[in-house]
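The values are calculated or read from the model by the stated rules, or taken from the named source; none is laboratory data. Only a predicted model underlies this, so the values are computations on that prediction, with no experimental measurement involved. Cβ atoms come from the backbone with ideal geometry, glycine included; neighbour counts cover every protein chain shown.
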Amino acid sequence: MRTVDRITVNAPIDLTFAIAADVERWPEFLPHYRWVRVLERSAEDCVVEMAAWRPFGPLRYPTWWVSRMRVEPKRYAVQYQHVKGVTRGMAVEWRLTASNGRVDVTIVHEWSGPAWPLIARPAAEWVIGPVFIHGIASRTLAGVKRRAEAQ
C-alpha cells in the first residue's frame, strides 16, 4: 500500500519545516489530533506516540500509533517508522521542497498491511490507506499550511 498526499504552502520553507517537524505542538492547531507524546529522545531520533480522530460526518473514529521519528533538516525531511499499533511496520516520509517562493509538501506512506491473514492487503489498500491514512494526512497538511501561512 502506498499513499501520497501533497499540498503547496505559501510560506518560507524553514518556517513550514519547523511547524511540520514540531509534532508535540500539533494538537494546539490540528483539532483532529488528540495527543502527541515523546516517549524517548536521543540525539538521532525520538519515539512518539500519536493519537488522532478520523471524522466520518458527525462521528469520529479514534486512531493511535507509535513511531520512531527522525528529523533531517538538511534534506527538509521527516521520517517515521511505525513500531506499534495497527500500522506497525509502516514507513512514512514528509518531504518539503522550495519552489518559486512556495513550499511543496509531500507525505508518502508505504506499508505491506496489517498482520491479518487473508485480508491484510485488501484492508490496507481499500480501507486503511485511502480512508484512514489519507483522511488524517490530508487534514494534517491543511493544518500545517494554515499555520505556516498565518505567520
> Of the residues Val48, Val66, Val38, Val4, which is in contact (Cβ under 8 Å) with a residue 40 or more places away in the chain and either surrounded by 15 or more Cβ atoms within 10 Å (Cβ to Cβ) or aliphatic (A, V, I, L, M) (or both)?
Replying inline: Val4
> Quick check, is Val78 surrounded by 18 or more Cβ atoms within 10 Å (Cβ to Cβ), in contact (Cβ under 8 Å) with a residue 40 or more places away in the chain and more than 14 Å from the chain's Cα centre (by Cα)?
Replying inline: no
>> Looking for something under 22 Å from Arg146 (Cα atoms), surrounded by fewer than 17 Cβ atoms within 10 Å (Cβ to Cβ) and touching a residue at least 24 places away in the same chain (Cβ under 8 Å) - is there at least one such residue anywhere in the range 81-89?
In response: no
> Which of the residues spanning the range 111-141 are of a type in the set (Val, Ile, Thr) and either in a strand (DSSP E or B) or closer than 19 Å to Asn10 by Cβ (or both)?
Replying inline: Thr140
>> Which of the strands (runs of 3 or more DSSP E) found entirely inside the range 46-110 contain at least 3 residues meeting this: in contact with a helix residue (DSSP H, G or I) (Cβ under 8 Å, 6 or more places away or on another chain)?
In response: 46-56, 59-72, 91-99, 102-110
> Limited to the range 98-151, what total is found for residues that are exposed (fewer than 14 other Cβ atoms within 10 Å of the Cβ) and among the hydroxyl-bearing types (Ser, Thr, Tyr)?
Replying inline: 2
> What about Ile119, is it β-branched (Val, Ile, Thr) and in contact (Cβ under 8 Å) with a residue 40 or more places away in the chain?
Replying inline: no
>> Pull out all pairs, ordered by first then second residue, where Cβ-Cβ is under 6 Å, the residues are six or more apart or on different chains, the first lies in the range 9-21 and is at pLDDT 95 or above, and the second is small (Gly, Ala, Ser).
In response: Val9/Ala148; Ala11/Ala148; Ile13/Ala98; Leu15/Ala148; Thr16/Ala148; Ile19/Ala148
> Could you say whether any residue in the range 27-43 is at pLDDT 95 or above, basic (Lys, Arg) and in contact with a Pro (Cβ under 9 Å, 6 or more places away or on another chain)?
Replying inline: yes
> Restricting attention to the range 7-31, and to residues there that are surrounded by fewer than 19 Cβ atoms within 10 Å (Cβ to Cβ) and in contact with a Ser or Thr (Cβ under 9 Å, 6 or more places away or on another chain), which single residue is nearest to Glu149 (Cα to Cα)?
Replying inline: Thr8
